[in-house]
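A.B. asks: To start, I am sharing the structure in question, which I have written as structure tokens.
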Amino acid sequence: MRGINRLISVKELCYEGQHPFHVKSFRPDVFGSCAAAAFASDGKAEGIINCDIQNQPCIRQVSGGSITFDIRPKPVKAMADLTFEVKAEGVELSGPPVIDLGMPGMKMGPNQVKLKMTGAGLYQGTGIIVRCPSGRTLWQATVHLPGIGDADFVFDVVYD
Ligand SMILES: [Cu+2]
């Protein structure tokens, strides 16, 4: 019972102020403790995953349209050349997106992927997700969308 209550309060913490498109509302302190608690509860972190990147692109609604985020090839693996793609439909970005790759609750080295426009509303770039020495596979892509704001995608990566 105690465990269940704790999990619920952790979930509330996780989603506090975490709107799909928030600007500067990211709180590493809250997110960090949230990740740690989620790991402690059952060895997984399902509570904060908001993107099923291994199976499908991740879509966020924005006023007037949507933003689709994808990583290929699948399965999405660490230490492999990956193509990051952002598609804007019904909305126009004022410039190409930039993606910061990191891990919830962990300080990893800077790892930024700069996208280039490759079609109408389509942006692509290549990068690598490194293998975390801790063995944790939970990664976060913070996608900076010029003219719109930031979108956080939290997902699992495959380690060979
Ligand atoms: Cu790490």
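A.B. asks: Please give the length that would be gained between residue 54 and residue 111 if that part of the chain were fully extended, namely 0.36 nm times their separation in residues minus their C-alpha to C-alpha distance (nm, one decimal).
C.D. replies: Details: separation 57, 0.36 × 57 = 20.52 nm, distance 2.03 nm.
Gain on extension, residue 54 to residue 111, equals 18.5 nm.
A.B. asks: By its C-alpha gyration tensor, with a ≥ b ≥ c as the square roots of the eigenvalues, how is the stretch 102-148 shaped: rounded for a/c under 1.5, else prolate for a/b larger than b/c, else oblate?
C.D. replies: The shape class here is prolate.
A.B. asks: If you place +1 on the Cβ of every Lys and Arg and -1 on the Cβ of every Asp and Glu, how big does the dipole about the Cα centre of the stretch 48-156 come out, in debye to the nearest 20?
C.D. replies: Computed about the Cα centre, the dipole is about 320 debye.
A.B. asks: Between the DSSP loop rule and a limit of at most 13 other Cβ atoms within 10 Å, which trypsin sites (Lys or Arg not before Pro) in the stretch 87-160 are left?
C.D. replies: 107
A.B. asks: Remind me, what semi-axes does the stretch 48-156 give for its equivalent ellipsoid, largest first in whole Å, using sqrt of 5 times each Cα gyration tensor eigenvalue?
C.D. replies: Working: eigenvalues 104, 38, 34 Å².
One finds semi-axes of 23, 14, 13 Å for the stretch 48-156.
A.B. asks: Which of 145, 65, 111 sits farthest toward the positive end of the charge dipole of the stretch 48-156, with +1 on the Cβ of Lys and Arg and -1 on the Cβ of Asp and Glu?
C.D. replies: Checking the options against the dipole of the stretch 48-156, the answer is 111.
A.B. asks: Loop only by DSSP, 14 or fewer other Cβ within 10 Å of the Cβ. Give me the GluC sites (Glu not before Pro) in the stretch 57-104 that pass, ordered by residue number. Walk me through the intermediate numbers first.
C.D. replies: On the way: sites: 85, 89, 92; in loops: 92.
Passing sites in the stretch 57-104 are 92.
A.B. asks: Could you please rank 159, 123, placing first whichever residue has the fewest other Cβ atoms within 10 Å of its Cβ? Working shown, then result.
C.D. replies: Details: 159 13, 123 23.
Going from sparsest to densest Cβ surroundings: 159, 123.
A.B. asks: What ranking do 51, 132, 58 get, fewest neighbouring Cβ atoms within 10 angstrom at the top?
C.D. replies: Fewest to most other Cβ atoms nearby, the residues stand as 132, 58, 51.
A.B. asks: Tell me, 83, 118 in order of fewest to most beta-carbon neighbours within 10 Å?
C.D. replies: In order of increasing Cβ crowding within 10 Å: 118, 83.
A.B. asks: Another question, then. Could you tell me which residue out of 48, 99, 133 lies farthest along the dipole of the stretch 48-156 toward its positive end? Charges go on the beta carbon: Lys and Arg +1, Asp and Glu -1, centred on the Cα centre.
C.D. replies: Value computed over the given set: 133.
A.B. asks: So how far, in whole Å, is the C-alpha centre of the stretch 64-80 from the one of the stretch 118-160?
C.D. replies: Centre-to-centre distance over Cα atoms comes out at 7 Å.
Each value in this text was obtained by applying a stated rule to the coordinates, not by laboratory testing. All figures in this text were calculated on a predicted structure; none of them were measured in a lab. Please note: Cβ atoms are built from the backbone with ideal geometry, for glycine as well, and neighbour counts cover all protein chains shown.
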